[in-house]
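Structure, as structure tokens:
All of the numbers you see were taken from the coordinates with simple rules; none came from a lab. Computed from a prediction, not measured in an experiment: that's the story for all the values here. When we count neighbours, we look across all protein chains shown, and the Cβ atoms used for this are built from the backbone with ideal geometry, even at glycine.
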Amino acid sequence: MVSKKAGSLPGLLKGMVTTARTALRPTQTAEYPDVAPDLPPRSRGVIALLEENCTSCMLCARECPDWCIYIDSHKETIPATTEGGRERQRNVLDRFAIDFSLCMYCGICIEVCPFDALHWSPQFEYAEVDILDLLHEKDRLSGWMATVPPPPALDERSAEPAEIAAANKPARGTGLVGGAGAAGGAAGGPGARMPRTVRPRPAGAGPTRGAAAPTEALPAGVPTADPPTGDPTEALPTGTVPPPAKEPLTGTPESVPDDSPTPPPVDEQT
Amino acid sequence: MSVLEVVVRAVSVLVAFLTLPLLVGQTEHKLMAHMQGRLGPMYAGGYHGWAQLVADGVKFVQKEDITPRAADRWVFRLAPAVALIPYLVALATIPIAPGVAAIDVPASVVLILAATSVGALGTLMAGWASANKYALLGGLRAAAQLVSYELPIVLAVASMAMAGGSLSLLTLTDRWSPWWMLWQLPGAVVFLVAAVAELQRPPFDMPVADAELVMGAWTEYTGLRFAFFLLAEYAGIVVMSLLFATLWLGGWHGPFPDTLGWLWTLLKGFVVAVCVIWVRVAWPRLREDQLQRLAWLWLVPLALMQLMVTGVGVVLGW
């Protein structure tokens, strides 16, 4: 007992010293309702919806492990922009709702969205008295967009983001091959590198306008006639206009026969 | 002594009885929190949660007062009062300033020891009357503990009474000299340890060991009666701390004892109370056998030795 007592006495004193030292040290407590928590980037608070980006493709709803995303949409027909063109159909989002009483915050819907319509927001203070109120409809989900932070900066020496890497990637065939490089180099701007071979071009049509030439040629030819409203009678004379618009295309093979298909895709990038 | 003076003394003791335990309780809240790296109550009352215990009291008043059907009804309902009121009596006998105590009785030391023992009786009554196995076990443990630790307390105080040659706290404190702090040091340690055990505070809280006995003898209590037990615990801390401060630390002795004596008494008592809280935070609970061992193999012999040393000292005229 004596030896035990002698052995435990420093331990007792050590306990008192430890507690006293802790008492003198400032505490780490952050008083939450008064002090906003310092959340790390990519905190998963609530899912925000950028409605304009949503195409109602249903990928998120299908991938959701607990099926808490509800999407209703209908198709709308957009009349053809050009006379005799094909009518197009577009999805219109009627309802987009996430039931946060079911959501398990896995983030798969955000990962899977091909159009960046869903985003994580660190906002987490949306507790409700009634569990049914946790079903956030489209307007409420869109309201969370204001709280979505900008994406955090990349780590040092990390790879470029995919979009920027794709944009910076030189087009195929630049540099060594002379003829193709002339076309690919035009991505840097109209004045970056002019084609070495002089091409006959319509006056006023810069190299960047090559792709837009068919559509721009129409208003240029018939300024007042919009394609949907144009009468068939008036369309007949305008129908003759597109062939001149194709003239640059048909004209280039004459001067540069070897790389005739390249100019339009290159100009689309600009 | 006029009626007015009696009323003033009674009321002031009652006020002290209702405020000092809350002060100790709040100190425990905050000190324990900071010792554990927390903040403790921060909101009740606005400034650092000063009104937390008041809010707790309001909560306890609102709660239902339940008496179990199988309980020994009257004993069950009487137990909190038996636990609480003796500490009020004990507090009244403690001298606060030179010549000032609410009750000046010739043998106030005996009275205060008797009163604190009666207070422990309330725990026994509660444990027996609750008709609950946890309460019964807690009550039995409390009984064993009180029997063990009453003796060292009495012996240590008896040593002080011998040294001062009086049974009156006022006289004892009057005759106190700093030399006593060294001479009576073993007795002081014995009293402090035994007082913490008598109050069933950690590390001697075997009777209310919450991991084993829910809340010991208080298991079946709710509302205001439970609050009375808690208040009795903190009043016990106040009484024991002030008793230690007056007997061993000299009470009002300090600069300007006539004007500031009450302050020194309260400050010394507060320091002792802080130590009681500190020990609670720092040390783990003793097992039942360790608890008995400490009392009978260490505290009682130590107190007897102190009594012998004091007797020799008194005869030799130290």
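Mean projected area of the convex hull spanned by the Cα atoms of the stretch A:1-158, taken over all viewing directions: 19.2 nm². Sum up the charges of everything whose Cβ sits under 13 Å from the Cβ of B:W278, counting Lys and Arg as +1 and Asp and Glu as -1, but leave B:W278 out. Charge balance near B:W278 sits at +3.
Based on Cβ point charges of +1 for Lys and Arg and -1 for Asp and Glu, what charge dipole magnitude is obtained for the stretch B:198-262 about its Cα centre, in debye rounded to the nearest 20? Provide the component values of the computation, followed by the final result.
Working: 2 positive and 7 negative charges, 34 e Å.
In debye, rounded to 20, the stretch B:198-262 gives about 160.
For the stretch B:1-129, would you read off the P(r) tail past 22 Å as a percentage of all alpha carbon pairs? Let's see the in-between values first.
On the way: 4610 of 8256 pairs.
Distances greater than 22 Å cover 56 percent of the Cα pairs.
Here is the list for the stretch A:19-116: GluC sites (Glu not before Pro) lying in DSSP coil, each with at most 14 other C-beta atoms within 10 angstrom of its C-beta, are A:E31, A:E87. In terms of other Cβ atoms within 10 Å, B:T116, B:T123 run from fewest to most in the order B:T116, B:T123.
Most tightly packed first, judged by the mean number of other beta-carbon atoms within 10 Å of their residues, the peptides B:1-10, B:159-168 read B:159-168, B:1-10. The residue list B:L22, B:V214, B:Y47 was ranked by how far each Cα lies along the charge dipole of chain B toward its positive end, using unit charges on Cβ atoms, and B:V214 comes out on top. The charge dipole of the stretch B:147-229, taken about the Cα centre with unit charges on the Cβ atoms of Lys, Arg (+1) and Asp, Glu (-1), comes to about 300 debye, rounded to the nearest 20. Here the contact order of the stretch A:90-171, divided by its residue count and restricted to Cα pairs under 8 Å and six or more residues apart, works out to 34 percent.
Relative contact order for chain B: what percent, with Cα pairs under 8 Å and sequence separation of 6 or more? Walk me through the numbers on the way to the answer.
Values: 503 pairs, mean separation 76.9, N = 318.
Relative contact order here is 24 percent.
Rounded to the nearest 20, the size of the Cβ-charge dipole of chain B about its Cα centre is 380 debye, with Lys and Arg at +1 and Asp and Glu at -1.
In percent, rounded to a whole number, the relative contact order of the stretch B:1-147 is 19, using alpha-carbon pairs under 8 Å and six or more apart.
Counting only other residues whose beta carbon sits under 12 Å from that of A:F115, what net charge do I get with K and R as +1, D and E as -1?
On the way: positive: none; negative: A:E51, A:E52, A:D116.
Net of charged neighbours comes to -3.
Take each residue of peptide A:16-23, count the partner chain Cβ atoms within 10 Å of its Cβ, and average: the result is 6.
For chain B, the residue among B:A71, B:A81, B:L111 whose Cα projects farthest onto the positive side of the dipole built from Cβ charges is B:A71.
If we count other beta carbons within 10 Å of each Cβ, what is the order of A:R86, B:R175, fewest first? Kindly include the intermediate steps, with their values, before the conclusion.
Numbers: A:R86 8, B:R175 12.
Ascending number of Cβ neighbours within 10 Å: A:R86, B:R175.
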